[in-house]
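Remarks on the structure that follows.
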Amino acid sequence: NFLRPPVTTQQSSSTSTTFPSTTMSWQDYVSTNLVGSGMCKKAAIIGLDGGMWADGGSGLQGTEGAAVAKLFQDPGSAFASGIRVGGTKYLCIKADERSIYGKKGAGGVVCVKTNMAVLIGIYDETVQPGQCTATVEKLADYLLENNY
């Protein structure tokens, strides 16, 4: 069950009516839906420019976020360059306009692009790759359905 997309409280300029809001944040998605699910050991949500929006121990360093976001401009390049997250370089095993997956040993990384962000889920040997993949892809579907 997913939480609502983040919104801010707004007040109409023509009346004093306050529109409903939620305290949901991008960090809540990482903490609750990704890492909190137990299917991602670490996670992050970054903007399409690579800027950090929310972090759950991903360890993204320096320009890694920007490099991951840039891979979606030319997904095929991920096969040659790999995917670097948290100082670890993952071998690319899938890359298209929506999803880029990487593997290193028994662990891996799942990166999924939405309209506004890139979701990153990292798993280790205690999680089946398909479980992490399904968790990240499902959250991405939800965000896309809600125009995020």
Discussion item. With a 1.4 Å probe and all protein chains kept in place, how do Phe79, Phe72 rank by accessible area, largest first?
Written reply: Phe79, Phe72
Discussion item. Placing one identical point scatterer on every Cα of the range 95-148 and ignoring solvent, what is log10 I(q)/I(0) from the Debye formula at q = 0.21 Å⁻¹?
Written reply: -0.69
Worksheet item: Check Ser58: other-chain or 5+ apart residues with amide H under 5 Å from its amide H, H built from backbone geometry?
Response: Ala43
Response to the item:
Given backbone amide H placed at 1.01 Å from N, residues whose amide H is under 5 Å from that of Arg84, ignoring those fewer than 5 places away on the same chain, are Tyr90
Discussion item. Can you tell me which aspartates and glutamates have their Cα less than 17 Å from the Cα of Lys42? Leave out same-chain residues fewer than eight positions away.
Written reply: Asp28, Asp55, Glu64, Asp124, Glu125, Glu137
Item to complete: Hey, could you get me the Stokes-Einstein D for the range 34-126, Kirkwood radius over alpha-carbon pairs, 37 °C and 0.692 mPa s, rounded to whole µm² s⁻¹?
Response: 259 µm²/s
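Express the carbon and sulfur contribution to the solvent-accessible surface of the range 96-141 as a percent, rounded to the nearest whole number, probe 1.4 angstrom. Could you put the intermediate results ahead of the total?
On the way: 920 of 1770 Å².
Exposed carbon and sulfur together represent 52 percent of the surface.
The values are calculated or read from the model by the stated rules, or taken from the named source; none is laboratory data. Predicted, not measured: the structure shown is a model, and the values here were computed from it. Protein only, heavy atoms only, side chains kept; ligands, DNA and RNA dropped before computing areas. Shrake-Rupley method; radii C 1.70, N 1.55, O 1.52, S 1.80 Å.
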